[in-house]
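The structure under discussion appears below in the form of structure tokens.
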Amino acid sequence: VYDAATGLMRRWRAGAAGPFGSIGPARARLVHYPTWDRVDGHWRMLSAYIYLPPGSGPAPVLIVLHSGAAGQFRPRWRPFLQFVANDLGYAVIAPNVRGSSGYGRSFRTLVEGTHRDDAVRDIGSLMVWISMQPGFDVHRIVLMGRGYGGWLAVNCLATFDGHLLGAIDVNGVSSLDDFIARAPAAERAFRAAEIGDPGDPSVSSFLRRISPLGEVRRIRAPLLIVQGPAGDAVRAADAQQLADLLRFHDQPVETLTVAEAGRRFAAPAARRALDIAAARFLLALKSHRAK
């Protein structure tokens, strides 16, 4: 039982959350940072939630990117993020970049059409903000995202080559054009409205250009690709093609396919497989530094 007023936790029995001892769970702290464009003459401010690790000194950073172009990160109990902060010693930062819901319609539509990669620039601004914080190590930043967040993580890995340690792509979108055009009929209109209409030649060309499959040569840092084919066969096939192309160009890539996993890796066994692979990947990167 966790008492929010006093910050004390009383354990009834040992469970999946693991022992915290005297450390306690990492608390989500809301911060705001300036991005690259202006609104009414002032820098646009974006929000992010931070989970700080115990101890002092510059900590490596895991940037967590929410799924769904119009999704939103909200603080809730996430055992894996608690493990990353308390046990692996990473500071976890979860931003709500432009396009996220909960900040008004105009904010959600900022990435429509050929403005989709403006969200990538928001992550670049976050990296600049991280570099000015004494508790974070700007030379040790890793990205992790699921679905749309996976696309964003890989796109950032290509865009900010040399400034990131690596990325974890979970059920990510490797080809935005294919993701929309080959979607089931019931989802196609929704995906086109959310991301862009591939029926428009200029939009289709833009989506191909900013898709991971079109940026293979710029992806040099290690990438972990985790896929659940049961969730989306098209997405899984494109992810496998991305992994094959990276290997062809001698780029570091690891893959994990969890056959029974759906889009959300909700099954306990699937979630364990994902958490273990991600933890090992993060642990291996922790001793490295970007250029």
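The values are calculated or read from the model by the stated rules, or taken from the named source; none is laboratory data. As the structure is a prediction and not an experimental result, all values here were calculated from the model. Backbone-built Cβ (ideal geometry, glycine too); neighbour counts: all protein chains shown. Keep in mind that these areas ignore ligands, DNA and RNA; they rest on the heavy atoms of the full protein, side chains included. Shrake-Rupley method; radii C 1.70, N 1.55, O 1.52, S 1.80 Å.
One table, with the values for the structure above:
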{"quantity": "Failed condition for Gly147, given (1) at pLDDT below 95; (2) open to solvent by 20 Å² or more (accessible area, probe 1.4 Å)", "calculated": "(2)"}
{"quantity": "Residue tally, condition in a helix (DSSP H, G or I), under 16 Å from Arg209 (Cβ atoms) and either open to solvent by less than 10 Å² (accessible area, probe 1.4 Å) or of a type in the set (Asp, Glu) (or both), over the stretch 158-192", "calculated": "5"}
{"quantity": "Those residues of the stretch 98-124 which are under 17 Å from the mean Cα position of the chain (by Cα) and not in a helix (DSSP H, G or I), in sequence order", "calculated": "Arg98, Gly99, Ser100, Ser101, Arg116, Asp117"}
{"quantity": "Number of the exception - Ile141 against (1) buried (at least 24 other Cβ atoms within 10 Å of the Cβ); (2) under 22 Å from Arg263 (Cα atoms)", "calculated": "(2)"}
{"quantity": "Test: residue in the stretch 255-268 that is at pLDDT below 95 and assigned to a helix (DSSP H, G or I)", "calculated": "yes"}
{"quantity": "Count of the stretch 29-73 residues which are under 17 Å from the mean Cα position of the chain (by Cα) and either in a helix (DSSP H, G or I) or modelled with pLDDT of 95 or more (or both)", "calculated": "15"}
{"quantity": "Hits in the stretch 243-270 - residues which are free of Cβ contacts under 8 Å to residues at least 12 places away in the same chain and open to solvent by 60 Å² or more (accessible area, probe 1.4 Å)", "calculated": "Asp244, Arg247, Phe248, Asp250, Ala266, Pro268"}
